[in-house]
Amino acid sequence: MKEWLAAGERGLFIRSYVVLAGGLLVVAMLLDLGFGALQARQERAADPWLVSTLRLMESDLAATPAASRQERAAELGRQLGLELDLMETGDISSETPLGNAPRELVDDDGKLYYLWNAPKLGGTIRLGPFEPASEGWLSRLLPVLFYASILLIVGLWLRPLLNDLRILTVASQKFASDYREPLDTADRTTQLRSLARNLDDMSARVSQLIQSQHEMRTPLARVRFAVAVLEGEVEERHHLQLRAVSEDVRQIDELISDMLDYARLDHPGLRMDCQDVSIEPWLQQVLATCPPHEREVATLRREDLHSLWMEPRLMELALSNLLANALRYARRKVSIEVARENGMNRLVVEDDGEGIPEAQRANVFVAFARLDTSRNRETGGFGLGLAIVARIAALHRGRVVAGSSASLGGARLTLEWPAA
């Protein structure tokens, strides 16, 4: 799969490079032809006038006696409004034109002169100065057309890529809000089709995995039933192994339950039915559902605080996980405090265990995070209980934080959310 994906990425890069480089090359060639045609047209328009004028001057001066040629050249220059000079060939050897073509000469002031080789006079005619020809609107427009063409080519190249990215982004956001419908983007993309196909396959697997979790408990129930039957039929020496199998099945079932709870909290169909809940009966119900334990559990609340605004089912799950976490690590005592302060409801669960290292307190609310201490090695756990609590707190627009208990010396987990 990696090799196929790498080949697809190389193919996309090569196609993109060929399209971009080829397009720029074609534009450069067309513009070069345009410059050449424009320059040739300008030269063809200037040559006949120059050549005819210079030939007439050469003939006129050749018919004039040599002693009077400079005066005659000055007179012709005044008639044309220009300077007409007769120069010796040796004076301008590097610039002497060859054949019958005039040669341009620009002086230090930017003035333009034309040099004409005059064999009849035994020298060179210099005519000028002329103002340099200004660039036409077409010459000024060509660079703009060049850069505009580059932008057009790049835009045409990027358009399908941006369209594919938009399709993938919208589909991914839709899948994030409702994982029941896998992505279907491969047929709607062009340049990023290989990436879209991989995302479609991945989303289908994720959707199938989450939905299949609900079906995993049936075979576990069969295993548990078979173990219970075998305990009554095998010899006593095999009971220890059967109890180990039963414990493993229990842990797997607990993990599946936690995973289902965690997935359910992200389900798009989850409805928050918040209401004003009486604290005392709700708290007693949570305590009654706790597994058997030998710790002392104390509950504290203000006498004038009788109810909390919350979603009772979800908050019961949150408090159950907080309490189970505390009972797992406590030595003898656990306390539950219910309070309201500054418009915030608060559930605080403390224990007298080893506590949570300060550097790792933020990580305990990450799914499947396990601390590298005896706190997890000895007590087990899958790292989902507190992640579920954090998700429930977020659904109530609140938060959960870990700290140190000043009264019991262990961990202090505080869940708080707005009172209204």
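The values are calculated or read from the model by the stated rules, or taken from the named source; none is laboratory data. Here the structure is a predicted model, which is why all the values come from computation and not from measurement. Note that we place each Cβ from the backbone using ideal geometry, even for glycine, and neighbour counts take in every protein chain shown. All accessible areas refer to the heavy atoms of the entire protein, side chains included, with ligands and DNA or RNA removed. Shrake-Rupley method; radii C 1.70, N 1.55, O 1.52, S 1.80 Å.
Considering only the other residues whose Cβ falls under 11 Å of the Cβ of Pro312, what net charge follows from Lys and Arg at +1 and Asp and Glu at -1?
-3
At 1.4 Å probe size, with no ligands or nucleic acids counted, give the accessible surface of Met29 in Å², nearest ten.
Met29 exposes around 110 Å² with every protein chain in place.
Which value, in Å² and to the nearest 10, is the accessible area of His293 when all protein chains are kept and the probe is 1.4 Å?
In the full protein context, His293 sits at about 80 Å².
How much length, in nm to one decimal, is gained on full extension between Arg103 and Ala204, taken as 0.36 nm per residue of separation minus their Cα-Cα distance? Each step should come with its number before you reach the end.
Values: separation 101, 0.36 × 101 = 36.36 nm, distance 7.69 nm.
This chain segment gains 28.7 nm when fully extended.
Not counting ligands, DNA or RNA, and with a 1.4 Å probe, what is Ser278's accessible surface area in Å² rounded to the nearest 10?
Estimated to the nearest 10 Å², Ser278 gives 70 Å².
What's the extension gain from Glu296 to Trp49 if we count 0.36 nm per residue and subtract their Cα-Cα distance? Walk me through the intermediate numbers first.
Values: separation 247, 0.36 × 247 = 88.92 nm, distance 11.49 nm.
That pair, Glu296 and Trp49, stretches by 77.4 nm at full extension.
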